[in-house]
Every structure is written in structure tokens, then in C-alpha cells.
1. Report, in degrees rounded to the nearest 10, the 0 to 90 angle that the Cα long axis of helix 28-40 makes with the longest principal axis of the chain.
2. Report for the range 51-153 the percent antiparallel among DSSP-assigned beta bridges with both residues inside it, nearest 5.
3. How far apart, in nanometres, would the label points at residue 147 and residue 60 be if each is projected 7 angstrom from Cα along the Cα-to-Cβ direction?
4. Out of these labelled values of Cα extents along the principal axes in Å, [x] 54, 52, 40; [y] 98, 44, 39; [z] 63, 48, 42, which was calculated from the coordinates shown here?
5. How far, in nm, would the chain grow between residue 205 and residue 346 when pulled straight, counting 0.36 nm per residue and subtracting the alpha carbon separation?
6. Relative contact order for the chain using alpha-carbon pairs under 8 Å, separation at least 6, rounded to a whole percent?
7. What is the calculated FRET efficiency for residue 27 to residue 69, with r their C-beta to C-beta distance and R₀ = 41 Å, to the nearest 0.05?
8. I'd like the orientation of helix 2-17 relative to the chain: the angle between its Cα long axis and the longest Cα principal axis, in ° from 0 to 90, rounded to 10.
């Protein structure tokens, strides 16, 4: 037992003294969360797009001025007034996505309540079609706003109306989706990549061989590694959650014990996979590429930065097979939805199966020395 605690303490000291560990395992995830959370949306559920729109009001009536005000209030639109020539130039130069021209006569036509008959359009949109996504969003938002403004001006009463009902019980934004993904990425990288590189390095340098020559049991060595990394992951997870809470107001709506349980389960699973890679690799130089080959696909198909349902159908079988997706879903379920263990029995079962299989393989393939 004394050897176990000494090994655990020694490993924690190695973590604290290794600048790369602090930078890559703690500061980098926090930086990613701050950068993505700032640029893509916060926890308040605000718009995740922002279009620069220039407007030239050549009509200059109460109707046209009210339309400009309504456009300015529309979420996602950054509206500024300018002249026709300046507005066209800004779109051509890429300084604005949409230029709206309100032509003279718009107010007069609205005052007749549509009785003047059909004639030329008095609202023109100028867009750069080389960016179809932005052009489609901009034209759709502005046309809907103009259509609503037209109906209000002529007092249009639709015979059939629709009602929007929000069933979201909590104010969730992209940052609430992102933070559990950052936790999964941190657990994956710290344990799979970290264990593979560390164990392969110690084996090549003869550290494991010298340990083998002592009364130290392999089970005690592995237990010390597991304990140290579990403590490190717990500290990192709490740090990330605290930054998310104080900077973006991200909450954990579920059980903290259940959240820590899945962090522990993910840590053990990816540590076991890391031990397998360390056993397959003969040198640290070969361990890192093998670990990268395993982790790189997981980062993009594990639901870390975007929902897995957005992935092509061809990748869905891979998503259902790898453990990172289930870990991310479980963390997201606990944090965002307040899910309980019975509701998360599928990810818990899959992660447990991965842990059992990978730990068994790691035990059978582990070696102290380079063969």
C-alpha cells in the first residue's frame, strides 16, 4: 500500500513539473472553450450568425424609416444606413453581406393599401452569390421581415395562423453544448495519448525494467497510474466547469456524482486503450503517431464540436462503435438535461463494455521491457 501511494504521489509531481502537461491538458481546452464560446455563441442562446446589412433609404417616408427600424431590431442583422453607391461598394468589397435599397415611392404605395396594382419592386436586395449560405440566410431573413411589414401596413388578417411553442425548459446555447465536448476531448487526449507516450518512453529508457526488478507488482504500478490520472482529470474537469460557469454561466443541471462517475468511466476506458497502444509501440516516436491515428477520427465523429446527427450517413456506423461519442452524450445528458443513470444506461453499458475489453487486452499485452 505504501508503494501505491508513493507511485501516485510521484506521478502527480511529474504532472506538476511537466510544462507540456499543464499547457496541453489544461490551458489548451480552456482556451478552446473561451475562443469557440466567444465567437460562436454564449450560454444565453443568442444568435449564432451575424450579417452586416447596409440600407439606402431613398424614399425617406415614415413607412421606409419604420422598415429600417424593424430591420435593425431583427436578431442576427447588423444594420447601418448609407447611400446607394456606398452600399453597393461595401457588398462588392466584402465589407457587408447584403445591401437593401428602399426605392422612392414605397411609402406612397403602402398608403394606398395595395390598391395601386402590381408594378415594379420598390425594395431591392443586392447580395454576393459566391457565398450561397450567407446569401440564402440574408435574403430569407430580410424578405420575411419585409413581408411582415407589408402585412402590418395593410392590416392583413390571415385566415389560418401558426403559433410557435418553445418546449426548451432551460436557456441552452452553443456553449452549453460545447463544454461537455471539451471535457470529453480532455479525457480522451490526456489518457489515451498521455498514457501511450509516457509508458512507451519509460519502457525505452529502462524505467519499467528497473521497476520490474523490485518487489513492485504490475497491478500496483497500474493502480498508481490510474489514481494519479483520475485525480488530474477530476481537477481539470472542475477547472473547466468553473470557467464555463463564471464566464458563460454554464450550469450542471444533473447529478454531480453521476457526472464524476462518467468522467471516471471515460478515464479508465481511454487509459486502457492507451496501455494497449503503449504495448504495440516499440518506441515513443511510434506511440504518438499510433495514438494520433486513433484519436484524430474520434475528435471529428464523436460529437465534440457539433451533433453527430449532422454527420453523413456513411459515418453513422463508426459513430455507434467508438466510445467517445457515448462519453460525450452522457456528459451532455447530465449537464444539459439533468439525465439520470437509468436514462443513460446505453452509454454507461457501452463504455463499461469498452473498459472491460480494452482492460483485458491491455493486461494481456502489457510488457515491462522492449522485446
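Laboratory data are not the source of any read-out in this text; all were calculated from the coordinates shown. Given the structure is predicted, the values throughout are model-derived calculations rather than measurements. Cβ sites come from the backbone with ideal geometry, for glycine too, and all protein chains shown count toward neighbours.
1. Here the helix axis deviates by roughly 10 degrees.
2. 35 percent
3. Each label point lies 7 Å from its Cα, and together they span 3.2 nm.
4. [y]
5. 46.6 nm
6. Relative contact order, the chain: 20 percent.
7. Plugging the Cβ-Cβ distance into 1/(1 + (r/R0)^6) gives 0.35.
8. Rounded to the nearest ten degrees, it is 40.
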